[in-house]
Amino acid sequence: MLLGLVYANGLGVTANPETAAMWLRKAEAQGYPHAACELGRLYGTMGNRTEAIRAFRHGVEEGCSAAEIGLARSLLSGPGQRPKSRRRRSLPPQGL
């Protein structure tokens, strides 16, 4: 799992999401639930929502609480969801 994080974050090496995903998939297959969570995060940053959700679900099944949060965020930010407005809403006039 550590090599996956090294390549995902470019720690001492050039960041390489594909290599990071390979190492994280290997760790996930060996039963490391946090690897599934990190893989979900990586896929999310790569724009692969389907794989991110799959990885987060696997992490949840394996007992990783951080994967629960990642899964919820991925599902809530899915297609059909309106982006949050960054504009402040004006307040109604004071006093009538």
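Readers should treat all values here as calculations from the given coordinates under stated rules, not as data from a laboratory. Note that the structure is predicted; figures quoted are calculated from it, not measured. Heads up, the Cβs are rebuilt from the backbone with ideal geometry, glycines too, and the neighbour counts pull from every protein chain shown.
Which log10 I(q)/I(0) values, to two decimals, does the stretch 1-69 give at q = 0.15, 0.20, 0.23, 0.29 Å⁻¹ under the Debye formula with one point per Cα?
Results for the stretch 1-69 at q = 0.15, 0.20, 0.23, 0.29 Å⁻¹ read -0.39, -0.68, -0.88, -1.24.
Mind ranking 38-50, 8-20 by how tightly packed they are, going by the mean number of other C-beta atoms within 10 angstrom, highest first? It would help to have the intermediate numbers written out before the result.
Working: 38-50: 19.2, 8-20: 13.2.
Sorting 38-50, 8-20 by mean packing, highest first, produces 38-50, 8-20.
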